[in-house]
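**Q** Before we start, here is the structure in question, set down as structure tokens.
The values are calculated or read from the model by the stated rules, or taken from the named source; none is laboratory data. This is a predicted model, so every value here is computed, not measured. Please note: Cβ atoms are built from the backbone with ideal geometry, for glycine as well, and neighbour counts cover all protein chains shown.
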Amino acid sequence: MARIPLLFALSAALTLSETTFAQTGFVPENKAALAARRWRGQHERAIVDEFLGLLSIPNIAGDRANIQRNAETIAKMMGQRGVPARLVTVPGSNPIVFGEIKAPGATRTLVFYAHYDGQPLDPKEWATPPFTPTLRNGALERDGQTVPLPPPGTPFNPEWRVYARGAADDKAPIIAMMTALDAIRAAGLRTQSNIKFAFEGEEEAGSANLEKILAANKDLFAGDLWLMCDGPVHQTRRQLIAFGARGATRVDITVYGPRGELHSGHYGNWAPNPALLLARLLASMKDDNGRVLVEHFYDDVEPLSDLEKRAIAEAPSIDEDLMKEFWLGSTDGGAAKLTELITLPSLNIRGMASSRIGAQASNVIPSTASATMDVRLVKGMDPRRTAERVIDHVRKQGFHVVDSEPSAAVRMAHPKVAMIPRPDGIAATRTPMDLPISQEVIRTVESARGPTVKIPNMGGGLPLTSIERPLGTRTIVIPMGNHDNNQHSYNENLRLQNLWDGIELMAALLTM
Ligand SMILES: [Zn+2]
């Protein structure tokens, strides 16, 4: 049932020639993907209706009542397809919607992951209400106008977009998987592996309970591979396969000057300035090219395999376009591409502060200066050990390091004092590209979607270790959203062609 309001564009009605369109040229050789394309062509309106229905249920992780409605709706969608579903929780968690299809004679299990919760939002920032899914005939940023649903039987223009929280991140994959199931069955095809679905309800709230739920239900969630359907495809619109994600740890540093702010005229040249101390300290951590100078920082980095290096070399470079988009006159890392640089750890200043600036500034020598840093980790690096190395670097610059607010005695006993609370963090994971199952995923995806962009790891984080650690399994990320989907921001949207592509992708992977 369509819950979308019929919002009519004020501009001229679309002509038939604008709503009929040429399909993208690529024809998949994968039988299931072809079956999915055929099925989708015959059922576009029903697919979109189911999508809009799911999107109309608010999905912020803290909204328990609506989270439950989402979970029950998804369980019902599975049930309608003969997939027995259940909601799995631990005390205080949102449910993971679990479903299972057993394939007779199957020798392995594939687990398909997506999440149904979305990022918190402010409805005032949205052009149309976030939980009133709205169709537009293009991207809002390029003047896309709201359009009504076409009459049943009329194809959708694949460049049209659905605007709603969760449209891209991450409800579309759930619809793609369910539709792919319909298509496979209608074509008389079967799943070859045992299939499990695990749809999380608090990913955007930090997946606080994911590891606990999996650890408490190991057999239920066990699988040879978790296919993580979350995030956008490559900016060139080519299908992306990411074999891991970076981890992260956080380092907060405060350095000290006088007990309170001092008059800069009376005490300038005499009292040390903590803002300058901090600036020097931070500057000592990196060279002009962005290379981290902390000793042993790169020691544990697991080198890339030849296959991983080749994948990076073959990935299309969009760096010049991105520089224009972000107004950058230069980049770090010398001649290295973005795709390569995200396979290395990074040390980043998230923000820094000391006293007040601009019109609020006063003539003072500040009392303290603080910086919050993040370290993005790659495979092989231990979060705590890495943070310790950064702390060692601070010591080598002559600081006495403490992990809580220093007393007057400590501050007077040392020329330079830095406070760094003991940090924790999340380790990175990377599934080797040369594993037989990795190669099979690549072949399967390419048979459905054509040439792919393969990266050893994404630059950002995903809760991969929370899955791999308790279950001893592997993870591979196969996203389907458009890159310009406004994920995590207002006016989140999904381009319909990405949903169509995602259905074909899922059909191929479900029959792998
Ligand atoms: Zn997501």
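**Q** Restricting attention to the range 487-509, and to residues there that are outside any helix (DSSP H, G or I) and either modelled with pLDDT of 95 or more or among the hydroxyl-bearing types (Ser, Thr, Tyr) (or both), which single residue is nearest to the ligand (Cβ to nearest atom)?
**A** Applying the first criterion (outside any helix (DSSP H, G or I)) to the range 487-509 yields 487-495.
In the following step, the residues that additionally are either modelled with pLDDT of 95 or more or among the hydroxyl-bearing types (Ser, Thr, Tyr) (or both) were identified as 489-495.
On the way: Ser489: 13, Tyr490: 16, Asn491: 16, Glu492: 11, Asn493: 14, Leu494: 12, Arg495: 17 Å.
The selected residue is Glu492.
**Q** Let me ask another. May I ask you to verify whether Pro129 is more than 16 Å from the ligand (Cβ to nearest atom), assigned to a loop (DSSP other than H, G, I, E, B), surrounded by fewer than 24 Cβ atoms within 10 Å (Cβ to Cβ) and at pLDDT 95 or above?
**A** Yes: the conditions hold for Pro129.
**Q** Follow-up question, since we're still on this one. Exactly one of these conditions fails for Phe199: (1) out of contact with any His (no Cβ under 9 Å at 6 or more places or on another chain); (2) within 27 Å of Gly82 (Cβ to Cβ); (3) surrounded by 18 or more Cβ atoms within 10 Å (Cβ to Cβ). Give me its number.
**A** Of the numbered conditions (1) out of contact with any His (no Cβ under 9 Å at 6 or more places or on another chain); (2) within 27 Å of Gly82 (Cβ to Cβ); (3) surrounded by 18 or more Cβ atoms within 10 Å (Cβ to Cβ), the odd one out for Phe199 is (1).
**Q** Any chance the range 175-194 includes a residue that's closer than 15 Å to Ile96 by Cα, modelled with pLDDT of 95 or more, buried (at least 23 other Cβ atoms within 10 Å of the Cβ) and not charged (D, E, K, R)? Lay out the reasoning, then the answer.
**A** Taking the range 175-194 and keeping what is closer than 15 Å to Ile96 by Cα, we get none.
Looking through the range 175-194, none of the residues is closer than 15 Å to Ile96 by Cα, modelled with pLDDT of 95 or more, buried (at least 23 other Cβ atoms within 10 Å of the Cβ) and not charged (D, E, K, R).
**Q** Quick test of your reading of the structure: Ser466 fulfils all but one of (1) within 16 Å of the ligand (Cβ to nearest atom); (2) outside any helix (DSSP H, G or I); (3) of a type outside the set (Val, Ile, Thr). Name the failing condition by number.
**A** Against the list (1) within 16 Å of the ligand (Cβ to nearest atom); (2) outside any helix (DSSP H, G or I); (3) of a type outside the set (Val, Ile, Thr), Ser466 comes up short only on (2).
**Q** Let me ask something additional. Say whether the condition of being modelled with pLDDT of 95 or more, surrounded by 20 or more Cβ atoms within 10 Å (Cβ to Cβ) and over 21 Å from Ile312 (Cα atoms) is met by at least one residue in the range 443-453.
**A** Yes, the range 443-453 has at least one match.
**Q** Test each condition in (1) within 16 Å of the ligand (Cβ to nearest atom); (2) out of contact with any strand residue (DSSP E or B) (no Cβ under 9 Å at 6 or more places or on another chain); (3) not charged (D, E, K, R) for Ala215 and report the one that comes out false.
**A** (1)
**Q** Also, I was wondering about something else. Hey, which of the strands (runs of 3 or more DSSP E) in the range 219-273, taking only ones fully inside, have at least 2 residues that are under 19 Å from the mean Cα position of the chain (by Cα) and more than 16 Å from the ligand (Cβ to nearest atom)?
**A** On the way: elements: 225-228, 239-242, 247-256.
Those strands (runs of 3 or more DSSP E) span 239-242, 247-256.
**Q** Can you find a residue in the range 142-149 that is touching a Gly at 6+ places or on another chain (Cβ under 6 Å) and either in contact (Cβ under 8 Å) with a residue 12 or more places away in the chain or in a helix (DSSP H, G or I) (or both)?
**A** Yes, the range 142-149 has at least one match.
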